[in-house]
């Protein structure tokens, strides 16, 4: 199978980097937080025999460079970027998969640009404001931002793990990963300042337009990880599914199950897309 080809799309205020491989209906993969297209390498390869898979670096992350100084991330801007990417890839609406903050972007895209999306799979979006009582979780996210301001990235990462229950990180046990994986880790490490300074709070405080999603033409499927029960993003995903009136779909692994369990994750995602 041919490797992915990289492209750049000029946008207002930034240049969007994305990678394309495969053939068939367009499937956009949107990563979350400080991550980029590299985290979807295995997943994209597993799906490229059935879809034209396009994975991107959200603006400000890694290779999607900003034209000017960094500023607080805006979900409407991210949503507009994804609409432009869909337009760039063809005339038809696309299938969209977003994970974590990427799921928040996907929800914005589906609500504000419904003509660009056939079906959206939102995997564990951290839509904190949809929790029955978001007060404690919102305060926890603010404490992460405070930890970043006082102690930088290491302090913020430690506090982030405490308040979210998510202990996965860039560390890996066993033999060194392949060079391309090491490169992805290095890029993600370079995005941490931007994430904690400009992304964490606006991404987690974004409240999806549930009314538009319920009444619109886009089929929205909420995904949860079978190993993330009890974590913040699992609870927010369940809260969103309840408000949409549709049960969540369980995916293999945890919040980042698309990486270590790419083949099984791809099989579940393909099943969900075909049934929707």
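Just so it is clear, none of the values below were taken in a lab; they were calculated from the coordinates. Worth saying up front: this structure is predicted, and the values here are computed from it rather than measured. Note that we place each Cβ from the backbone using ideal geometry, even for glycine, and neighbour counts take in every protein chain shown.
General observations
- Estimated 222 nm signal from helices in the chain, with DSSP H stretches of n ≥ 4 weighted -39500 (n - 2.57), rounded to 500: -13500 deg cm²/dmol
- Prolate/oblate/rounded label for the range 99-205 (Cα gyration tensor, a/c 1.5): oblate
- Put simply, when 89-98, 23-32, 154-163 are sorted by average Cβ atoms within 10 angstrom per residue, most first, you get 23-32, 89-98, 154-163.
- Percent RCO, i.e. relative contact order, over the range 5-275, from Cα pairs under 8 Å lying at least 6 residues apart: 21 percent
- Euclidean distance of C-alpha centroids, the range 141-156 and the range 17-55, integer Å: 31 Å
- FRET efficiency for residue 181 and residue 76, using Cβ-Cβ distance with R0 set to 51 Å, rounded to 0.05: 0.95
- The protection proxy used here, the mean number of other Cβ atoms lying within 10 Å of each residue, ranks peptides 270-276, 140-146, 37-43, 63-69 as follows, highest first: 37-43, 140-146, 270-276, 63-69.
- Pairwise label distance in nanometres, residue 246 with residue 161, each label 7 Å out on the Cα-Cβ vector: 3.5 nm
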